[in-house]
Structure formats: C-alpha cells, structure tokens
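Trainee: Here it is, the structure in full.
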Amino acid sequence: MRHRVSGRRLGRDSAHRKALRRNMIAELLVHEQILTTEAKARMLRPAAEKIITLAKRGLAKDDPAQAVHARRLAAARIARFRLGEDEDGNVGEIDVVRKLFDDIAPRYADRPGGYTRMVKIGKRSGDNADMAMIMLVDEE
C-alpha cells in the first residue's frame, strides 16, 4: 500500500530521476512542447511550473539581488545548455536559463499559474504506453 507516499519513481533510482527531470524541463523550455509518456508528463508538470514561477520572481526590477538569486536557483535546478536549431537550420547552443528569464517569464508575468497543458495522445504502438503532449500555454 502506498499510503501518503508522494512522488513518482518511474522505475529509476533517485539520481536518474533527478537527471531526467532536469533534462525534460530544459527541453520543455527550449521547444515549448514535448511528447512523452503520461507518467513522465505528470511528474514534469509541477516541476516546470515551479521553475517558471521562480523565473517570474526574477523579474523584480526594484531588487536586483532577488533577480540574481532567482537566476542562480534556476541554473542549479535545470540543465543549462541545449542544442537547438534556429529558423535558418543552423544548430547552436541555447542558454536555457537566459531563454527562461528573457522570453518565457515575461510572457506569464500577469498569469497567476497554470503555465503548462497536458494533452493525452493515446497509446504508443511499441509497448502500449499512454502518451501525452506537454506544452506551455499561449498567452491569452
């Protein structure tokens, strides 16, 4: 029985789970949507929302120390650099923390929460796993 046991183990040890979470948050922030299993999406959603809320705290113009502190916390909690492709097809390194604070956090500055959406896709053909698309919601 799992009475009051929180979190999903996903069949991995704690270091593997932590690395998976860091990498999936970074991929979500870079691509703004990812296709994964439903269990991983359910694990990812609250963690990604907390990172975006942390980035919103870093937008404080009146207290630069708070902004630096928020950037350092975010850099410690997500994978920092990712390879990405721009509009011209050039592959380059993307600074995930910079994109989070410069592009994503200002987009949700007036939104009190609910930055992500999970859409169930169906079953994966290989192993019949439930698949889901997790994406950042558009500003409305």
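Trainee: Under the classification rounded if a/c is under 1.5, otherwise prolate if a/b is larger than b/c and oblate if not, where does segment 60-123 fall, given a ≥ b ≥ c as square roots of the Cα gyration tensor eigenvalues?
Mentor: Oblate.
Trainee: Under 29 Å between C-alpha atoms is the cut-off here; go through the chain and count lysine pairs that meet it, provided they're at least eight residues apart or on different chains.
Mentor: 19
Trainee: Right, next: Along each of its three principal axes, how wide is the spread of alpha-carbon positions in the chain, in whole angstrom units, largest first?
Mentor: Taking the Cα atoms of the chain, the three principal extents are 49, 45, 32 Å.
Trainee: Angle between the Cα long axis of helix 14-31 and the longest principal axis of the chain, 0 to 90 degrees, nearest 10?
Mentor: That works out to roughly 60 degrees.
Trainee: Taking H placed 1.01 Å from N in the peptide plane, check which residues at least 5 places from residue 129 or on another chain put their amide H under 5 Å from its amide H.
Mentor: The list, which skips near neighbours in sequence, is 124.
Trainee: So, with +1 on the Cβ of K and R and -1 on the Cβ of D and E, and no other charges, what is the size of the charge dipole of segment 14-136 about its Cα centre, to the nearest 20 debye?
Mentor: My answer is approximately 760 debye.
Trainee: Relative contact order of segment 14-136, please, whole-number percent, based on alpha carbon pairs below 8 angstrom and at least 6 residues apart.
Mentor: 34
Trainee: Could you compute the FRET efficiency for residue 72 and residue 18, with r as their C-beta to C-beta distance and R0 at 22 Å, rounded to 0.05?
Mentor: The formula returns an efficiency of 0.75 here.
Trainee: Here's another thing I want to ask about it. Measure nothing fancy, just the Cα-based angle from helix 64-77's long axis to the longest principal axis of the chain, in degrees from 0 to 90, nearest 10.
Mentor: Here the helix axis deviates by roughly 20 degrees.
Trainee: So, R0 is 22 Å and r is the distance between the beta-carbons of residue 10 and residue 57; what FRET efficiency does that work out to, to 0.05?
Mentor: So, using R0 = 22 Å, E works out to roughly 0.15.
Trainee: Return, for the Cα atoms of segment 11-79, the radius of gyration and Dmax in Å, separated by a comma.
Mentor: So, for segment 11-79, Rg and Dmax equal 13.4, 45 Å respectively.
No value in this document is a laboratory result; all are computed from the given coordinates. Model, not experiment: these values are computed from the prediction. Note that each Cβ is placed from the backbone with ideal geometry, even for glycine, and that neighbours are counted across all protein chains shown.
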